């Protein structure tokens, strides 16, 4: 199983936030190519703004997004491990069903893979 590795330094976040992004109803995802290639880890960070809700709601949104990413990794291998991702969750994740969030996340990673294969 592939483990998640989160970004720790603010300068790493700033670098990623200046790169490419995709907006959806449920989240905004920023991504950039890794400097080092890793086969064991997926560099992904889940971030929530304070105005989304209280801590319980923010943590539930993060858990839903993490589980969706884990499920995609297990089943389809659509996520490129040579990229770093920062996912900003939105309030709609909390309100809607998990299946909808999973489908949107799946399609987003397909778009990222197609866009990166063209480069």
Return the residue satisfying two criteria in turn: it lies in the stretch 31-69 and is assigned to a helix (DSSP H, G or I) and without any contact (Cβ under 8 Å) to a residue 24 or more places away in the chain, and of such residues it is nearest to the chain's Cα centre (by Cα). 63
Residue hits (the stretch 70-99; free of Cβ contacts under 8 Å to residues at least 60 places away in the same chain, part of a helix (DSSP H, G or I) and either surrounded by 21 or more Cβ atoms within 10 Å (Cβ to Cβ) or more than 13 Å from the chain's Cα centre (by Cα) (or both)) are 75, 94, 95, 98, 99
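FYI, it's all coordinate maths here, none of it is from the lab. Here the structure is a predicted model, which is why all the values come from computation and not from measurement. Using ideal geometry, Cβ is built from the backbone for each residue, glycine included, and neighbour counts are taken over all protein chains shown.
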